[in-house]
Amino acid sequence: MRPVILDSVKHADLKYHADAIPNEPFVPVIAPEVPACSDKLVIVFTNEPEPKMVALLGRSKNLLIDKSYKGMVPSAIQNYPFFLAKIEDRMVICFDEDAKQIKGEGEALFEEGKPTQFLENLKSVMKNYWELNAITSEAAKELKEAGVLEAKELNIQKDGETITLLNGFLILNRDKLLSLDDKKLAEFARKGYLELAFFHLKSLSNLQTLGDKIMAKDAPKSN
């Protein structure tokens, strides 16, 4: 990725065309889309000091979302190659200069040096996403601080050997969540974290499908 700040002079002729097929093996998700994403995708937490919620799409590349995919496509994919960044005390729209979505014809971002309606709408979408992403990050952080997240691996047995397909992510331990005191559970319920936890756990039923895809198209070597 080559992130650059969108500029009305430098990028006066920039055009955009949609392409919702990602290359990356995981993408961020925001809380409002977790219920819909849980039908087809695996939603987990990253194992970082400030954890995020992500949808797992493969091992080294996306294996799930293609032109025939019928499920929810996370906003991070729909918004790409655009994203917001905070520069000092202001928010600016940036984009990936390498993205194929800005190569060739499409929607104009500027006309006579001024933002088009498309770009104005994009600004609104980006602002909303930024706010929802911050809320989602706070939820992940509080769940981790509560001690209810644990490391998880996706392994399979083949020819008597263990093959690790995915690791380095966290999932919610339901028993630990339910063992929290009533005050903390009530707080999490009010904030919507229990609903988030339910759909996260529901999404784990898709791990087998993901594992099958990895073995069929992107299988690692046996340990």
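Looking for something open to solvent by 90 Å² or more (accessible area, probe 1.4 Å) and either touching a Cys at 6+ places or on another chain (Cβ under 7 Å) or among the β-branched types (Val, Ile, Thr) (or both) - is there at least one such residue anywhere in the stretch 154-176? The answer is no; no qualifying residue exists. Looking at the structure I just gave you, is residue 114 out of contact with any Gly (no Cβ under 6 Å at 6 or more places or on another chain) and within 25 Å of residue 91 (Cβ to Cβ)? For residue 114, the condition - out of contact with any Gly (no Cβ under 6 Å at 6 or more places or on another chain) and within 25 Å of residue 91 (Cβ to Cβ) - is met. Every test in (1) surrounded by 14 or more Cβ atoms within 10 Å (Cβ to Cβ); (2) more than 26 Å from residue 72 (Cα to Cα); (3) free of Cβ contacts under 8 Å to residues at least 12 places away in the same chain is passed by residue 108 save one, and that test is (3). Between 143, 119, 170, the distinction of being under 18 Å from residue 8 (Cβ atoms), at pLDDT 95 or above and in contact with a strand residue (DSSP E or B) (Cβ under 9 Å, 6 or more places away or on another chain) belongs to 119 only. Applying the condition of being of a type in the set (Gly, Ala, Ser) and modelled with pLDDT under 95 to the stretch 186-223 and asking which residue is least open to solvent (accessible area, probe 1.4 Å) yields 211. Once the stretch 58-105 is narrowed to residues that are free of Cβ contacts under 8 Å to residues at least 60 places away in the same chain and hydroxyl-bearing (Ser, Thr, Tyr), the residue that is nearest to residue 132 (Cα to Cα) is 75. Only a single item in (1) open to solvent by less than 50 Å² (accessible area, probe 1.4 Å); (2) at pLDDT 90 or above is not met by residue 151, and it is number (1). Set side by side, the residues 60, 38, 68 differ, and just one is among the small types (Gly, Ala, Ser) and modelled with pLDDT of 95 or more, which is 38. Listed by first and then second residue, the pairs linking a residue in the stretch 162-177 that is closer than 19 Å to residue 60 by Cα to a residue that is open to solvent by less than 10 Å² (accessible area, probe 1.4 Å) and part of a strand (DSSP E or B), with Cβ atoms under 6 Å apart and 6 or more places separating them unless they lie on different chains, are 169/44; 170/45.
The values are calculated or read from the model by the stated rules, or taken from the named source; none is laboratory data. As the structure is a prediction and not an experimental result, all values here were calculated from the model. Because the Cβ atoms are built from the backbone with ideal geometry, glycine has one as well, and the counts that use them run over all protein chains shown. For the accessible areas, the whole protein counts, side chains as well, though only heavy atoms, and no ligand, DNA or RNA atoms are used. Shrake-Rupley method; radii C 1.70, N 1.55, O 1.52, S 1.80 Å.
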